[in-house]
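The next block holds one structure in the form of structure tokens; read it before the comments.
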């Protein structure tokens, strides 16, 4: 678990810098142009929905089969070139389908402002950039390199997009300039990924070695990849279809609603950062563990990932929920956005559930039971779509958040039961209950600190005071009782290294 902790902490630091930039943007920039940020996020979300399908499973193949292809002298038998070729086919397939039905797609948004409609096709080049960004990020994890890909994916995007929105609000650029700038930001990320792999000596266009690609290996690649195409796409449909369906179902003024939802989504996304870091670095290690048939190691990773993520995710959730009153006072259009505060509750809680589940998805994904991912996620994607169709017309953007929460709970419950029954793995322990009780206690004590709404400075002071109380109580109990030895060891090593530097 040591290398996972070390690498995931490094990536989390980068992601939290990005989160900090994103929160500043969310609080002070994005609310200045709700409809325009709604359009921007809608295009990005649409591309995110299509990307897992267009990848054709390459981001999973890149990790799952790298131990098989690994060979420095032969440039890994042309493995990266093979993956890039498959991904390019997926992008071209989507582009062909989009332009074949572009009129029908645009017709779904006929009740939206006419000046927004020309930007719907921007999803096509955006999918191209996202597909290769995902592929290169996954491939880099094989060399335990997650820091710089995280910098590219987090910081370039988190800095570039708010700058564009701010320039648009100040009327220094037009809406067209802002949308074109968005494409340039994602292009810059892709170029940076390529240059980084080149610096590692791992970017190659060497053709795949046909002699190495035996019929049995090709069959295994095809079967594993095809199942993961739909299972990963189903996962995205279960968790990311909300913004797309809001754009379809909210009617006139939908992009303003999408803008508000996107802002609240970004706030809740803070909670999910440690999970993303852990997933990226755990995947190749779990793949190797399965190859070595090291079941005890897998059980240890499953249990520790659940506990450590729950500790961090629980603290972030209660901190964000308790601090919303202060955040809304500080935000432009905060009174309007505050009317949808419960969106943060359901989205944030869904993130905590995901973190509590640990690395369940990766364990199944790299096992011989990987087809289970396909069956369960497709069913849950259907449930999520039906829930959105039902709840959005009734509850608006809150309905989308509730639908996402239901899907995440069912998704992880299915995996929990499956791993428990099939492999005897259960990540939950008595310490999990201790963390839950600690969180409730810290939240209750935090609410004793008021957050006045009469002025921004008083609200900021109350927000800081409440956060200090919650963090102090929560972390104090967790560290004092050594609920997580990994967390205590990490903090001990960090403090020890700093003391050694001072000496």
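Put a dot 7 Å past the Cα of residue 460, heading toward its Cβ, do the same for residue 68, and the two dots end up 5.7 nm apart.
Extension gain, residue 410 to residue 174: 0.36 nm times the residue separation minus the Cα-Cα distance gives 80.6 nm.
Return, ordered by residue number, the residues of the stretch 39-69 whose backbone nitrogen is under 19 Å from a label point located 7 Å along Cα→Cβ of residue 101. In the stretch 39-69, the label zone of residue 101 (backbone N under 19 Å from the point 7 Å along Cα→Cβ) covers 43-56. Shape of the stretch 311-410 from the C-alpha gyration tensor: oblate (a/c of 1.5 or more and a/b not above b/c, with a ≥ b ≥ c the square roots of its eigenvalues).
The mean sequence distance of close C-alpha pairs (under 8 Å, at least 6 residues apart), as a share of the length of the stretch 255-357, puts its relative contact order at 47 percent.
Fewest neighbouring Cβ atoms within 10 Å first, the residues 141, 46, 432 line up as 432, 46, 141. Take the alpha carbon gyration tensor of the stretch 359-478, find the square roots of its eigenvalues, order them as a ≥ b ≥ c, and report rounded if a/c is under 1.5; if not, report prolate when a/b exceeds b/c, else oblate. Oblate shape, in that a/c is at least 1.5 and b/c is the bigger or equal ratio. Legend: calculated FRET efficiency, residue 486 to residue 288, from the Cβ-Cβ distance at R0 = 25 Å, rounded to 0.05, equals 0.80. Only Cα pairs under 8 Å and 6+ residues apart enter the sum, and on that basis the relative contact order of the stretch 2-428 stands at 25 percent. Contact order for the stretch 342-481, expressed relative to its length and based on alpha carbon pairs under 8 Å spaced 6+ residues apart, stands at 22 percent. Taken along the Cα-to-beta-carbon direction at a fixed 7 Å, the label points for residue 395 and residue 342 span 0.7 nm. Residue separation of residue 440 and residue 204 scaled by 0.36 nm, minus their Cα-Cα distance, works out to 79.8 nm of gained length.
Quick one: what do you get for the chain if you divide its Cα Rg by 2.2 N^0.38 Å? Present the calculation step by step, with values, prior to reporting the outcome.
Numbers: Rg = 22.7 Å, N = 503, 2.2 N^0.38 = 23.4 Å.
Output field value: 0.97.
Would you compute, from DSSP H runs of 4+ residues alone, the mean residue ellipticity of the chain at 222 nm, taking -39500 (n - 2.57) per run and dividing by the full residue count, rounded to the nearest 500? So the calculated ellipticity at 222 nm is -26500 deg cm²/dmol.
Using a simple spin-label model with pseudo-atoms 7 Å out from Cα toward Cβ, residue 429 and residue 195 lie 4.5 nm apart. Cβ crowding within 10 Å ranks 273, 58 as 273, 58, fewest other Cβ atoms first.
Quick one: which of 354-366, 372-384 comes out on top by average Cβ neighbours within 10 Å, and what's the full order, highest first?
Top to bottom by mean Cβ count within 10 Å: 354-366, 372-384.
Coordinate-derived values only; no laboratory data. On a predicted model such as this, the values are computed, not experimentally measured, just so you know. Cβ coordinates were reconstructed from backbone atoms using ideal geometry, including for glycine residues, and neighbour counts include every protein chain displayed.
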